[in-house]
Each structure stands twice: as C-alpha cells, then as structure tokens.
1. State which residue is farthest from the chain's Cα centre (by Cα) when the search covers only the range 25-75 and only residues that are more than 12 Å from Gln13 (Cβ to Cβ) and acidic (Asp, Glu).
2. Please go through (1) farther than 20 Å from Leu19 by Cβ; (2) polar (S, T, N, Q); (3) touching a Gly at 6+ places or on another chain (Cβ under 7 Å) for Ser72 and return the number of the only condition it doesn't satisfy.
3. Would you please list the contacts, defined by Cβ atoms under 8 Å and residues six or more apart or on different chains, that run from a residue in the range 6-28 that is of a type in the set (Lys, Arg) to a residue that is not in a loop (DSSP other than H, G, I, E, B)?
4. Looking at the range 67-76, can you tell me whether even one residue there is within 21 Å of Ser119 (Cβ to Cβ) and either in contact with a Lys or Arg (Cβ under 8 Å, 6 or more places away or on another chain) or without any contact (Cβ under 8 Å) to a residue 24 or more places away in the chain (or both)?
5. Taking only the range 104-130 into account, find how many residues are among the hydrophobic types (A, V, I, L, M, F, W, C) and modelled with pLDDT under 75.
6. Would it be correct to say that Lys45 is out of contact with any strand residue (DSSP E or B) (no Cβ under 8 Å at 6 or more places or on another chain) and surrounded by fewer than 20 Cβ atoms within 10 Å (Cβ to Cβ)?
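The values are calculated or read from the model by the stated rules, or taken from the named source; none is laboratory data. None of the values given here were measured: they were computed from a predicted structure. Here the Cβ positions follow ideal geometry from the backbone for every residue, glycine too, while neighbour counts run over all protein chains shown.
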Amino acid sequence: MKVRISTLNIETQIGSTYLRDDGIIHYTAKNRSMDVLATAKANVKAIRQVAFYQKRPLLADIRGNVYQSKESKAYYTSDEMAKYFSGIALIIGNGIYSVKENFFMGLYQPKVPTKLFTSEVKAIEWLKMLINEK
C-alpha cells in the first residue's frame, strides 16, 4: 500500500496524479488516452497542484497512452518543464512503443534528466537516486 503525503488525487481527461509519501509525483495515463497540447497543459497544471508547486521528480506511467501529438511532446520537453521537475521516469510498454519513445527522446531532448523504464520498481529506484544526489 502506498501512503500519500496528501489525499489530493487529481483526475484529468487522460490521466490521474497523486503525490507519493517519498515525494515523487505519480502520474498514470488512462487506457487508450490521446494526448494533445490542451490535455498536456491540463496534466502539467494538475501535476503542479499535486506537488504543491514544488520542483519534484515525476514517475509517469504512460503505458495507457495510445497517441501523443508533436505539440504535446514539444511542450513536455520545453524549457518550462525544467522549472517543475527534477527528473522524469517514463514507464513504457515493451516492443514498438519502446522504439518509438527512444526516437522521441533523441528528437525532442528533454531539459531534465529523463529515462525510459519497463519496470516501475526500477523507475522509482532511479528517481530516488536523483533525490539523494541533491
């Protein structure tokens, strides 16, 4: 069972977000979600609220996401995001999605440490390592 710092759990059109007891923001994309610029901005707004507007690491389970526009990708990797997140761990599925996300990472070059994972446990370990490096 995950204990939360806050009972605040914000649902957006394409996902849900809460703050874990270890200070990591946890975002989960809804199944078959389609992310465009408007939904990306709504997600970041929700994530910032859950994080009490503090810079924190983000664990983003995007396995449910089936589409992401180039505008939303550009927004998520913009200079603005460096103000909000100390690191981003993306949990992805296996196979072709992994190849696609690796290509995305090379093309858009996120402004904060960002890494792809297929294991939630490994993703959390990596984010905790970033927290401990402060």
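1. This residue is Glu71.
2. The single condition Ser72 does not satisfy is (3).
3. As it stands, the answer is Arg20/Arg4; Arg20/Ile5; Arg20/His26; Arg20/Leu59, since those pairs meet every condition given.
4. no
5. 3
6. For Lys45, the condition - out of contact with any strand residue (DSSP E or B) (no Cβ under 8 Å at 6 or more places or on another chain) and surrounded by fewer than 20 Cβ atoms within 10 Å (Cβ to Cβ) - is met.
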